[in-house]
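See structure below.
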Amino acid sequence: MLTDLAKFSSVVLLGDLSLPMAANGAPRAIGEREFLIPPGSVTLVHPFETTDFFRHGWNSWSPSGWRRIDEAPLRIYGSEQRLLTADDAKNDTPHAHSGSAVGAITLPDGEIILLGALGLGAPRVGATASTLWGTTEELDGEWYLARGPEREVFARYAELIAERLGSRTASAGRVWCSWYSYYEGLSEDLVRETVVGLADLPFDVVQLDDGWERAVGDWEANERFASGMPATAQTIQEAGFRAGLWLAPLIALPRSQFAVERPDLLVQSPDGGPLVAGYNWGGPYFALDSTQEEVKAHLRELFARVVSWGFTYLKLDFMYAGALDGERSAPVHREQVYRDAIELIRETVGDDVYLLGCGVPVVPSAGAFDGIRVGPDVAAYWENSERPGDPTGVGAKNAFLASIHRSWLRPVYETDPDVVYFRRRRSLLDDEQRQLLQDVATILGFKSTSDPADWLGAAEIAELRTWLEREETVTQLGRYLFQIDDRIVDLGPFVDYQAPPSTVAN
Ligand code: 9PG
């Protein structure tokens, strides 16, 4: 944690409230109830005691939402491995409410006070019954502090992120993704059959997910894509779609050729050997040290190659691994290292390739990604009862809960709440739950599915087509209340977080 410079104490006036504040310098008013505060630690003293706190997760999969300050904090309980993979483990506070980059508290009059970072340096915002506080690992951008109506204040914060870190406005269109039907069983034959089925549906992109590569880390076609990736891209294009591909370019599995042959290109652990960057595919994986020239050259070569194959929509996954603390060749802060890496990728692919970030640090991704995933993975069931206490567990409910608290990011990039299910076959979702996923995707403005056409009945195909074709007008009326065309959609009754079971350890 940062050692502070000289402390500056003052009182900030937020309308009829005057709150004592300690920071690294004087707040600068930029609006009636809006301030910029110098980088570093900030503590504001508030009088509200049992307020609600908005917690924002570090990466795409991390939990975001509101919690009462006298409830258990919203975080991942019970698994160090899950915490490392799906949140900012380094700055986790097991017994206190805190989140990444931005936080807010509610006032008795229904307005909020928001404190949000406008830079990198792993900013953290938390609250207690008497304070709203911010810290950073590294001095970078200023803080934005504001009081006002919730949606107005979040909108202004998003606007400032876009101003300071950048924003992009490309649209993915309607996306079909292979993951939630075929998982790793993908093959070129399945792709061929799938695009035939999708051919007269109004999709723009057909995106192949995990399952095409030799190994995570070795980005060449495996034996199920014997004709090679250019041929598969062509199959997709000839059916009338933009070809999309999944990669996790900043990680490598221990058994990959990359990790076996060049362990020196991996981020190192202070304990010696490559740093474990997270767990998936049945074990740990490592992170590439993107501060090394050879890694930069590898990334340039990889992305030039993938684009030359014919893929112009890339889902880049597990990207947070490039922003973990660890030993690298240059003493650059981890979030800056990450940003340099994604800027290098953007430079290589150019502006016309759509980059969808997944497992990305959310705020540091502004300006380089066209869209980002804003919640954990959906599944064809609602609750994940295997993982109580883990709001990042795979399941439709967890994906819905996280995504709906990130719709305010829409001015920065497209916000992807993950796919919607139209199939009733091979699914435990009921009609109400399927409708809810559709509505959330409509509200977030990103429509994707994963159902192969031959898993759908005629009525489901019709329903899918109607949804894909519709351009709805969405108006937000309240935190969880929306109007979609002439329909009022109240998500409120579904926002029922379960308190972590007391049997779950930290
Ligand atoms: C492919 C999948 C799909 C999916 C991605 C991602 O926290 N986790 O451990 C975790 C593991 C996997 C995961 C998400 C989170 O899935 O979100 O859409 O592309 O990879 O392997």
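Every number in this text was worked out from the coordinates using simple rules, so none of it is lab data. Note that the coordinates shown come from a computational prediction; the quantities given were computed from them, not determined experimentally. Here Cβ is always computed from backbone atoms with ideal geometry, including for glycine, and neighbour counts include all displayed protein chains.
Quick look at the values:
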{"quantity": "Simple label model, 7 Å out from Cα along Cβ direction - residue 454 to residue 477, nm", "calculated": "4.4"}
{"quantity": "Overall Cα dimensions of the chain, principal axis frame, Å, largest first", "calculated": "67, 57, 46"}
{"quantity": "Length gained when the stretch residue 352-residue 224 is fully extended (0.36 nm per residue, less Cα-Cα span)", "calculated": "43.2 nm"}
{"quantity": "Phi to ³J(HN,Hα) by Karplus 6.51 cos²θ - 1.76 cosθ + 1.60 over region 160-170, Hz, x for Gly, Pro", "calculated": "5, 4, 4, 5, 7, 10, x, 8, 9, 10, 5"}
{"quantity": "Karplus-derived 3J(HN,Hα), 6.51/-1.76/1.60, for each residue of region 450-456, Hz, glycine and proline x", "calculated": "9, 6, x, 4, 7, 8, 10"}
{"quantity": "Among beta bridges that DSSP assigns inside the chain, antiparallel share in %, nearest 5", "calculated": "75"}
{"quantity": "Furthest towards positive pole of dipole, 313, 376, 349, structure part the chain, Cβ charges", "calculated": "376"}
{"quantity": "Which of 290, 64, 167 has the fewest Cβ neighbours within 10 Å, and the rest in rising order", "calculated": "167, 64, 290"}
{"quantity": "Region 205-220 and region 297-313: distance between their alpha carbon centers, rounded to Å", "calculated": "13"}
{"quantity": "Estimated FRET transfer efficiency when R0 is 25 angstrom, pair residue 171-residue 302 (beta carbons, to 0.05)", "calculated": "0.45"}
{"quantity": "Using θ = phi - 60° and Karplus 6.51 cos²θ - 1.76 cosθ + 1.60, couplings along region 91-105 (whole Hz; Gly, Pro as x)", "calculated": "10, 5, 10, x, 10, 10, 7, 7, x, 9, 6, 9, x, 8, 10"}
{"quantity": "The chain: angle of helix 188-198 to the longest principal axis, Cα-based, in degrees nearest 10", "calculated": "80"}
{"quantity": "Built amide H within the under 5 Å cut-off of residue 97, gap 5+", "calculated": "127"}
{"quantity": "For residue 220, distant residues with modelled amide H under 5 Å away", "calculated": "214, 215"}
{"quantity": "Placed amide H near residue 242: partners under 5 Å, 5+ positions off or other chain", "calculated": "205, 206"}
{"quantity": "For region 8-165: rounded, prolate or oblate by the Cα gyration tensor [a/c cutoff 1.5]", "calculated": "prolate"}
{"quantity": "Within the chain, longest stretch clear of exposed GluC sites (Glu not before Pro) (DSSP loop, no more than 12 other Cβ within 10 Å)", "calculated": "50-385"}
{"quantity": "Tilt relative to the chain, helix 431-444 - C-alpha long axis, 0 to 90 degrees, to 10", "calculated": "70"}
